[in-house]
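Chemist: Could you have a look at this structure, given as structure tokens, before my questions?
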Amino acid sequence: MKSGSRLEQLLSRGEFVVTAEMGPPMSADAGAIMKKTDFLRGTADAFNITDNQTAVVRMSSLAASVLCLQAGLEPVMQMVCRDRNRIAMQSDILGAVALGIRNCLCLSGDHQSFGRAGKLLGHPGAKNVYDLDSINQVRMLRQLRDEHKFMGGDPVKGEVPLFIGAAWTPLGDPVEFRVIRLGKKIAAGADFIQTQGIYDVERFAEIMQKARAEGLPEKAAILAGIIIPRSAGMLKYMNNHVPGVVVPEKLIRRMSEAKDQKAEGIAIAVELIRDIRKIEGIRGVHVQPVEWESAMPAISEQAGLLPRPEAAG
Amino acid sequence: MIVAQRKPLDEIIAKAEPFKKVVIAGCETCVAECHAGGKKEVEILAAQLRIAFNRKMVPVEISECSIERQCEPEMIESCAEQIAAEEAVLSLACGVGVQQMAERFPNLPVFPGLNTTFMGTHSAPAKWEERCAGCGNCVLDLTAGICPIARCSKSLLNGPCGGAHDGKCEVSEEIPCAWAEIVERLTKQGKLGQLRQIIPAKEWDTARDGGPRKLIHGEAAP
């Protein structure tokens, strides 16, 4: 075991795992995390805590991960390259591990100008960092764990048990490079991969075939991303504005014709999970409720993913 | 070349207003190329200031000079006598020229009339684009001659982030994704496979992060 995390244990046992995403509040309200953990408890094996997503200030991923742990749920702490240099990243990792966090997902992070794209103001004038890219970030964490060395070469005393994750946008442009980039992330040391939300299962299956031809699913556990749709408008928005998210026209039509779009959204997510599960090399799903955590129990239940298996502890 | 653009006129007027005699000093090299600080721009700005001060009934006398390269101390000497007789200098050079001018005339207030923008190229008529971040450790051989440090919004070294879309950057539809261009060029060259290798994290000590940089040419140094 590299980390002993519940996620790693279940994957190594060959279980089909479920992770779910949870955004920290734009406040210092610990209660907001507790509320979400109440909805999410038992619906997945581990819970991704986002790191200032869309470059909007939120409670830190590290702190929210610890609150998540205290609530008895296993966090996957996300860490973006936008806001920290290699010194801060390694420091936060040592702190996170000391506090009991065992999973970390490495990401480039949305550019700071992204915040103003939505309804919020964000901080488009912030100075970004991008000292490392996410691939070198993965490599740095693997070095901490496996070689007991900081990136600069100084020794690290003791163990840094971590299960290291990376993201993959399989249908992002330029699509011919996406499998190569996945391979680089895995070569750098990613133990698990969580993908961008998939709606076009056919195209995703084709890309997965290319990934299999490169022998990638054997080297890292690939969890397919599922974004729970709430409305036809949301599907259209994602198709047009969220890079790498491709929504087939027939799905948008089906949603707009639905009487109860929210119920239809849950049905679509459940179907996606069932279809994607059949693709060879998929070891689990990563569900993103996007501020609709209360939908998670129904989804896990209807997709036949309950009860979640016990880890050895 | 160094690309710059003129500061807004109101900002320049406010800076010049407290003085009786101001010289506008142009620079004939990079900033003249990008129509920001050459002789012609000095003339235009001088005319605009004279009109503005006339209207405001503020007695500021504007004179003009133009220097081949304000960043070179010996070239500033061509106008030194004229400048020394002034109360303030409004420099239309890049930030290097402004500082050189301030160093030559330590008792004179020197104001920038331009915003120095980037190192770039004249990519189309009336259009300039950033091409180099001066990071001190060039990787252009690895990236098909397209700089990921200067041209990727996140300075990524190992391929496009998840935000690339239709060859554009997530920051704006106006910005081409540098990595989409790198992938395209290497695909055409049949060398996409070279990107399978991980480009190691950059050591930024050769960039601005290492503090102000200095270069001493070993052979040419006296």
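The values are calculated or read from the model by the stated rules, or taken from the named source; none is laboratory data. Computed from a prediction, not measured in an experiment: that's the story for all the values here. No Cβ is skipped: glycine too gets one built from the backbone with ideal geometry, and neighbour counts run over all protein chains shown. The area values use the complete protein model at the heavy-atom level, side chains included, leaving out ligands, DNA and RNA. Shrake-Rupley method; radii C 1.70, N 1.55, O 1.52, S 1.80 Å.
Chemist: For segment A:142-150, state whether one or more residues are modelled with pLDDT of 95 or more, closer than 28 Å to A:Ile226 by Cβ, touching a Gly at 6+ places or on another chain (Cβ under 7 Å) and of a type outside the set (Asp, Glu).
Modeler: yes
Chemist: Which of the residues belonging to segment B:93-113 are aliphatic (A, V, I, L, M) and surrounded by fewer than 24 Cβ atoms within 10 Å (Cβ to Cβ)?
Modeler: Correct list: B:Val96, B:Ala102, B:Leu108, B:Val110.
Chemist: Does B:Val171 fit the bill of being at the interface with chain A (Cβ under 7 Å from one of its Cβ atoms) and either open to solvent by 30 Å² or more (accessible area, probe 1.4 Å) or among the polar types (S, T, N, Q) (or both)?
Modeler: Judged against the criteria, B:Val171 is a match.
Chemist: Let me ask you something else. Any residue in segment B:1-14 that is within 19 Å of B:Gly97 (Cα to Cα) sitting within a Cβ distance under 7 Å of a residue that is among the polar types (S, T, N, Q) and not in a helix (DSSP H, G or I)? List the pairs, counting only those 6 or more apart or interchain.
Modeler: B:Ile2/B:Thr116; B:Val3/B:Thr117; B:Ala4/B:Asn115; B:Ala4/B:Thr116; B:Ala4/B:Thr117; B:Gln5/B:Asn115; B:Gln5/B:Thr117; B:Lys7/B:Asn115
Chemist: Sticking with this structure for a sec: When segment A:293-313 is examined, which residues are found to be assigned to a loop (DSSP other than H, G, I, E, B), modelled with pLDDT under 95 and surrounded by 15 or more Cβ atoms within 10 Å (Cβ to Cβ)?
Modeler: Selection gives A:Ala311 alone.
Chemist: Could I ask something else about it? Hey, can you tell me all the residues within segment A:126-136 that are out of contact with any Asp or Glu (no Cβ under 9 Å at 6 or more places or on another chain) and either more than 27 Å from A:Tyr237 (Cα to Cα) or modelled with pLDDT under 95 (or both)?
Modeler: Scanning segment A:126-136 gives A:Lys127, A:Tyr130, A:Leu132, A:Asp133, A:Ile135, A:Asn136.
Chemist: Suppose we filter segment B:1-32 for residues that are crowded, with 16+ Cβ neighbours inside 10 Å and of a type in the set (Asp, Glu); how many remain?
Modeler: Number of matching residues: 1.
Chemist: Then there's this: Tell me, yes or no, whether segment A:134-155 has at least one residue that is of a type in the set (Ser, Thr, Tyr), assigned to a helix (DSSP H, G or I) and without any contact (Cβ under 8 Å) to a residue 40 or more places away in the chain.
Modeler: Looking for residues that are of a type in the set (Ser, Thr, Tyr), assigned to a helix (DSSP H, G or I) and without any contact (Cβ under 8 Å) to a residue 40 or more places away in the chain, one finds none in segment A:134-155, hence no.
Chemist: Something else now. Is it the case that some residue within segment B:193-208 is without any contact (Cβ under 8 Å) to a residue 24 or more places away in the chain, open to solvent by less than 40 Å² (accessible area, probe 1.4 Å) and under 23 Å from the mean Cα position of the chain (by Cα)?
Modeler: No: zero hits.
Chemist: Looking at segment A:54-96 only, could you name the residues that are of a type in the set (Val, Ile, Thr), closer than 29 Å to B:Val171 by Cα and open to solvent by less than 30 Å² (accessible area, probe 1.4 Å)?
Modeler: A:Val56, A:Val76, A:Val80, A:Ile93
Chemist: Could you look through segment B:34-63, keep only residues that are of a type in the set (D, E, K, R) and within 22 Å of the chain's Cα centre (by Cα), and pick out the one that is least open to solvent (accessible area, probe 1.4 Å)?
Modeler: The residue in question is B:Glu41.
Chemist: Could you tell me whether any residue of segment B:80-92 is in contact (Cβ under 8 Å) with a residue 12 or more places away in the chain, exposed (fewer than 15 other Cβ atoms within 10 Å of the Cβ), within 18 Å of B:Gly37 (Cβ to Cβ) and out of contact with any Leu (no Cβ under 7 Å at 6 or more places or on another chain)?
Modeler: yes
Chemist: Restricting to segment A:125-152, count the residues that are in contact with a strand residue (DSSP E or B) (Cβ under 6 Å, 6 or more places away or on another chain), more than 8 Å from chain B (Cβ to nearest Cβ) and within 20 Å of B:Gly162 (Cα to Cα).
Modeler: Selection size over segment A:125-152: 2.
Chemist: Now a separate question. I'm checking my understanding of the structure. Among residues of segment B:174-190 that are touching a residue at least 40 places away in the same chain (Cβ under 8 Å) and open to solvent by 40 Å² or more (accessible area, probe 1.4 Å), which one is farthest from the other protein chains (Cβ to nearest Cβ)?
Modeler: That would be B:Gln189.
Chemist: For B:Ala144, which of the numbered conditions (1) without any contact (Cβ under 8 Å) to a residue 24 or more places away in the chain; (2) open to solvent by less than 70 Å² (accessible area, probe 1.4 Å); (3) over 22 Å from B:Lys7 (Cα atoms) fails to hold?
Modeler: (1)
Chemist: Next up: Which of (1) part of a loop (DSSP other than H, G, I, E, B); (2) within 14 Å of another protein chain (Cβ to nearest Cβ); (3) buried (at least 24 other Cβ atoms within 10 Å of the Cβ) does A:Ala44 not meet, given it meets every other one?
Modeler: (2)
Chemist: Now for a separate question. State yes or no: is A:Asp51 over 15 Å from the mean Cα position of the chain (by Cα) and over 24 Å from A:Ser300 (Cβ atoms)?
Modeler: Answer is no for this residue.
Chemist: Residues that are within 21 Å of the chain's Cα centre (by Cα), at least 3 per element: which helices (runs of 4 or more DSSP H) completely within segment B:68-148 meet that?
Modeler: So the answer is B:73-76, B:95-104.
Chemist: Which count do you get for residues in segment A:92-118 that are within 11 Å of another protein chain (Cβ to nearest Cβ), part of a loop (DSSP other than H, G, I, E, B) and in contact (Cβ under 8 Å) with a residue 40 or more places away in the chain?
Modeler: Number satisfying all stated conditions: 3.
Chemist: Is it the case that some residue within segment A:68-85 is β-branched (Val, Ile, Thr) and part of a helix (DSSP H, G or I)?
Modeler: For segment A:68-85, residues β-branched (Val, Ile, Thr) and part of a helix (DSSP H, G or I): absent.
For (1) under 30 Å from B:Glu203 (Cα atoms); (2) of a type in the set (Val, Ile, Thr), each residue gets a yes or a no:
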{"site": "A:Val160", "(1), (2)": "yes, yes"}
{"site": "A:Ala166", "(1), (2)": "yes, no"}
{"site": "A:Val179", "(1), (2)": "yes, yes"}
{"site": "A:Thr195", "(1), (2)": "yes, yes"}
{"site": "A:Val201", "(1), (2)": "no, yes"}
{"site": "A:Ile207", "(1), (2)": "no, yes"}
{"site": "A:Ile222", "(1), (2)": "no, yes"}
{"site": "A:His241", "(1), (2)": "no, no"}
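Chemist: Do you know which of the residues in segment A:162-208 that are part of a strand (DSSP E or B) and not hydrophobic (A, V, I, L, M, F, W, C) is nearest to the other protein chains (Cβ to nearest Cβ)?
Modeler: A:Gln196
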